[in-house]
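The values are calculated or read from the model by the stated rules, or taken from the named source; none is laboratory data. These numbers come from a predicted model, not from an experiment. Cβ sites come from the backbone with ideal geometry, for glycine too, and all protein chains shown count toward neighbours.
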Amino acid sequence: MTTTIRNFEDLLRLLDDNPEYVEGLRARLLTAELLDLPAKVERLVAAQDELSATVARLVESHDEFRAEVAEFVRATDRRLDALERRLGNLHDDFRHFRSNYAENGLRNKHMGAIFLFSRAKGLRLDIATLEMLAGDEIARLLAGADMSGIDEDELKSFLDTDLVVRCRNLDGEVCYVVAEASYTCDLRDTRRAALHADMVRRFTGNAAYPMIAGVRKDLRIERDADAASIYCYAMDEDDLRP
């Protein structure tokens, strides 16, 4: 059967009536690349979907990794804080341990220390009259004393003075030597010694001289020690032995 095509509409009707003609016409008009384009687009879309899924998994893994790192950092900080506290406690314990040995060492050597102190300051103290005051005797210095303006912390500090020695000078006048001892003398020692000596003068009406004692000396105390006329007795490591 012969089909006559007079215009474009006839061609379209022919193609509609014969779908196989469409494929043949497409093969004639389009290149192989264009014919394969739909399939390529489908493959590209599929690859894009796979890539998106992979990126999503990577983002999720990255978020999990960041969360794990953050938790690790927090845990490490907690451990370091705990270690710092333990080291701080050990440092304080060791400092108190050495301070106690220094205090005991000064008490054992107090007569020689006071002799050198008297000689250095030209005080002419009678070493034979030295009397080291015990804790209760230090507390008795407060009896009947004017304590106005002195707060409780200062009184507790005074009662915890490392060494208070009462003696007489060669003129027969009663005086006191007030000392603080540490392995390394620092500003705390000089200030406590000066404060406690001032309090003894106030409580007793007698002369009182501050002194510090230690194996080492913090260089920062030089100005405080000189200004307060505080004598520094240098101890040896052997002085700290029990």
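Only one of these conditions is not met by residue 49: (1) surrounded by fewer than 10 Cβ atoms within 10 Å (Cβ to Cβ); (2) at pLDDT 80 or above. Which number is it? Result: residue 49 fails condition (1) only. Name the single residue that is farthest from the chain's Cα centre (by Cα) among those in the stretch 179-191 being in contact (Cβ under 8 Å) with a residue 24 or more places away in the chain and surrounded by fewer than 24 Cβ atoms within 10 Å (Cβ to Cβ). So the residue we want is 191. Of the residues that make up the stretch 72-89, is at least one assigned to a helix (DSSP H, G or I), under 30 Å from residue 134 (Cα atoms) and either out of contact with any helix residue (DSSP H, G or I) (no Cβ under 6 Å at 6 or more places or on another chain) or at pLDDT 75 or above (or both)? Scanning the stretch 72-89 turns up at least one residue that is assigned to a helix (DSSP H, G or I), under 30 Å from residue 134 (Cα atoms) and either out of contact with any helix residue (DSSP H, G or I) (no Cβ under 6 Å at 6 or more places or on another chain) or at pLDDT 75 or above (or both). Going through (1) exposed (fewer than 14 other Cβ atoms within 10 Å of the Cβ); (2) more than 37 Å from the chain's Cα centre (by Cα); (3) not in a loop (DSSP other than H, G, I, E, B) one by one, residue 167 falls short only on (1).
So that you can scan it fast, the table gives a plain yes or no per residue for (1) part of a helix (DSSP H, G or I); (2) without any contact (Cβ under 8 Å) to a residue 24 or more places away in the chain; (3) surrounded by 15 or more Cβ atoms within 10 Å (Cβ to Cβ):
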{"residue": "172", "(1), (2), (3)": "no, yes, no"}
{"residue": "177", "(1), (2), (3)": "no, no, yes"}
{"residue": "196", "(1), (2), (3)": "yes, no, yes"}
{"residue": "212", "(1), (2), (3)": "no, no, yes"}
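Just one of (1) farther than 14 Å from residue 230 by Cα; (2) surrounded by 13 or more Cβ atoms within 10 Å (Cβ to Cβ); (3) in contact (Cβ under 8 Å) with a residue 24 or more places away in the chain; (4) not charged (D, E, K, R) fails for residue 139. It is (3). Counting just the residues of the stretch 114-128 that are out of contact with any helix residue (DSSP H, G or I) (no Cβ under 6 Å at 6 or more places or on another chain) and surrounded by 17 or more Cβ atoms within 10 Å (Cβ to Cβ), which one comes out farthest from residue 211 (Cα to Cα)? For the stretch 114-128, the residue satisfying everything is 123.
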